[in-house]
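S.K.: Pasting in a structure now, in structure tokens, and then I'll have a few things to ask.
Each reported figure results from applying straightforward, stated rules to the coordinates on display, with no laboratory input. Keep in mind that what you see is a predicted model, and the values were worked out from it rather than measured. For neighbour counting, all protein chains shown are included, and Cβ atoms are generated from backbone atoms with ideal geometry for every residue, glycine included.
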Amino acid sequence: KRLVYGTLAGTGAYVGYRAYLFQQRVKLEQADDLVGVLPEGRKRVVVLGTGWGAMPVLRGIDSFKYEVVCVSPRNYFLMTPLLPSVAVGTVETRTVCESLRSMLVGKKIKFYEAECQEIDPKRKVIVCGENHKVHGDLGTMRESDKDVSKVVAKSSSRAIADSTRTRPSFELEYDYLIVAVGAENQTFNTPGVKEHAHFLKELPDARRIRAAISDAFESAAMPGVSADERQRLLHFVVVGGGPTGVEFAAELNDLVNEDLNLVHKKLIDDVKITLVEALPGVLTMYDKSIAEYTMKHFSREHIDVMANTFVKGVTAQSVKIQKKGEDISEIPCALVVWATGIKPRPLVDDLRKAIGEAVQSNRRALVTNQYLEVKGADGIMALGDCATIDFPKMVESVKILFEEADTVKDDRLSLAEFQALVKQKAHAYPQLEFFTDAVERHFKEADLNADGYLSMEEFHALLDKIDKKIKILPATAQVANQQGMYLAAYLNSIDPNAEDPHQFFSPFQYKHMGSLAYIGSDEAIIDLTGTKLFNLALGGRNAFYLWRSFYFTEMFTMRTKMLLFSDWMRAKLYGRDISRV
Ligand code: NAI
């Protein structure tokens, strides 16, 4: 009986599932049929990029209201926070990719896999890829990677043929251009980095690192290798103690302790992981307790952190380092992962210069107003790592506000008085509303006498402090994602032909939801300080479960959720695949 009921239930579920898929397909076909009724004279929105900033725009924008065209050299979205896991094989490559075309089925969005090489803000035109090589081919690899890739190339002559394939260049006019191209790796022009070090920014980087780790172990296992050479081959150096460097060092340590120790027993004692950081510690951008926790954790895990140490150069077999106040020395190693932050792409730099450096004076990013509109360029918006918001100085606005209101007595001010004033004047000073959360948080800290009042001098100092803090939003996925959602909502709601399209729309407001990072051995850190949730910073196993649940829910589709779950299970039950494929 049980067998019969079970079979019936299973069949029922399967039929229901197929019916659901069929209904979805019908919906998509209907959406396709709607092409004929698209409004005439729609404005064209061109989106550059398929990363954390661009994706929410593409997913959220009304593609019937606008003609939307996306241009990017990558036809997939990459789940960048999981790249360190991919670099050691905890997670497989396809798990962290979402096909752009699949995600946009049912939306009227055109996609061109091409690289935008020039933006002409005067003609409102972009120029895309003259003789653009197909992205990700072997032909685009760096010289230093060719040895590793030869093995792959031999078995795939088609891949080599593809590397000579080119695509024609083209121009595209826009009414709105959304620049969400991210940034590139910062090397500070350190000699040898581009030639010999590995970055960890794109999927091919992670793939190459995975192959290089396998290569180092196989080379060290060869007969006749001297003890010195073996130690060099098994020394892995990570440069930069930001989240990327820390997460990679942690994942690599897991790979060594959980998998490589089983298959390369004799080599394990010679394995060394060193993290070099110019500042006094790692994760300095987070709460102090987190930085200390991570340092202690790394010391327990035998990850050697060389703080206050600059990397001055990278050669084929070593890194040149300089500790503060000491001479330059050299450490032999086989693999260097370079994670010292980001810098603007040439495209962004060129656009900045085309607009004029008088308006675009920030060399690190495109300056926008609070509606994410690039200053000095009509119709261009920028978000994510390639943009920075020019927040109006709060101190100045508040001074004017108080002069106008003339309500401050005794040169003292309470939080309630400040809030009441802002409420009253919100229509005239919308930017103040944006700062009130920050003021509320900092007021109690600054209220040294704890009488609920600050002198005007103290209050101005507090605003100054917030001004400085709030000026630069961090270059994180979280910021780009929120900005992308904001832009989609903004474009959907405005009347593009109105004289002042943003008069009924409030400026972008970043809501910090906390930071997470994996630190190895099933431990993570969470920094919720500065959020509205809890004023909490914690590290350990619980944080790790939260880290995993968070990224699991962040995966865009059920397909990649399933892949991620099975990758984690596979790695735990059967170990990581350590072969060089
Ligand atoms: P980062 O800018 O956060 O850290 C780079 C580190 O490298 C700095 O601590 C700097 O002092 C050090 N450094 C620079 N030059 C050096 C040299 N020559 N020698 C030794 N050390 C040197 O860079 P990262 O980790 O690549 O992150 C980039 C951005 O992405 C950041 O805004 C970060 O917050 C974000 N991110 C966030 C993640 C998360 O929330 N889990 C994960 C990865 C990145």
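S.K.: Please compute P(r) over all alpha-carbon pairs of the stretch 163-218, binned at 10 Å starting from zero, and give each bin as a whole-number percent.
M.R.: The distribution over the stretch 163-218 is 15, 28, 33, 19, 5, 1, given as percents.
S.K.: Now for a different question. Filter the trypsin sites (Lys or Arg not before Pro) in the stretch 442-542 to those in DSSP coil with at most 11 other Cβ atoms within 10 Å of their Cβ, and list the result.
M.R.: Answer by residue number: Lys511.
S.K.: Still on this structure, I have one more. Of Pro56, Ser549, Ile355, which is farthest on the positive side of the dipole of the chain, counting Cα position, with +1 on Lys and Arg Cβ, -1 on Asp and Glu Cβ, and the Cα centre as origin?
M.R.: Ser549
S.K.: For the stretch 258-358, which trypsin sites (Lys or Arg not before Pro) are in a loop by DSSP, counting at most 13 other Cβ atoms within 10 Å?
M.R.: Counting only loop positions with at most 13 other Cβ atoms within 10 Å, the trypsin sites (Lys or Arg not before Pro) in the stretch 258-358 are Lys265, Lys266, Lys324.
S.K.: While we're looking at this one, here's another question. Of all DSSP beta bridges located in the chain, what percent are antiparallel, nearest 5?
M.R.: So the antiparallel bridges in the chain amount to around 55 percent.
S.K.: Using DSSP loop states and a limit of at most 12 other Cβ atoms within 10 Å to flag GluC sites (Glu not before Pro), what is the longest stretch of the chain containing no flagged site?
M.R.: In short, 41-325.
S.K.: If the viscosity is 0.890 mPa s and the temperature 25 °C, what Stokes-Einstein diffusion coefficient in µm²/s follows for the stretch 199-285 when Rh is the Kirkwood radius over Cα pairs?
M.R.: 176
S.K.: In Å and from the alpha-carbon atoms only, list the Rg and Dmax of the chain.
M.R.: Looking at the chain, its Cα Rg and Dmax stand at 26.7, 85 Å.
S.K.: Between Ser455, Ile290, Met222, whose Cα lies farthest towards the positive end of the dipole of the chain when Lys and Arg beta carbons carry +1 and Asp and Glu beta carbons carry -1, centred on the Cα centre?
M.R.: My answer, from the dipole projection, is Met222.
S.K.: Stick to the Cα atoms of the stretch 489-581, pair each with every other, and give me the Kirkwood hydrodynamic radius in Å at one decimal.
M.R.: About 17.0 Å for the stretch 489-581.
S.K.: While we're on this one: Mind jotting down the distance between the C-alpha centroids of the stretch 484-562 and the stretch 264-289, whole Å?
M.R.: Taking the Cα centre of the stretch 484-562 as reference, the centre of the stretch 264-289 is 27 Å away.
S.K.: Could you size up the charge dipole of the chain around its Cα centre, putting +1 on the beta carbon of Lys and Arg and -1 on that of Asp and Glu, and report it in debye to the nearest 20?
M.R.: Approximately 2060 debye in magnitude.
S.K.: Here's a follow-up. Describe numerically, in nm with one decimal, the distance between label points set 7 Å from Cα along Cα→Cβ at Asp577 and at Ala9.
M.R.: Using points 7 Å along Cα→Cβ, the separation is 3.5 nm.
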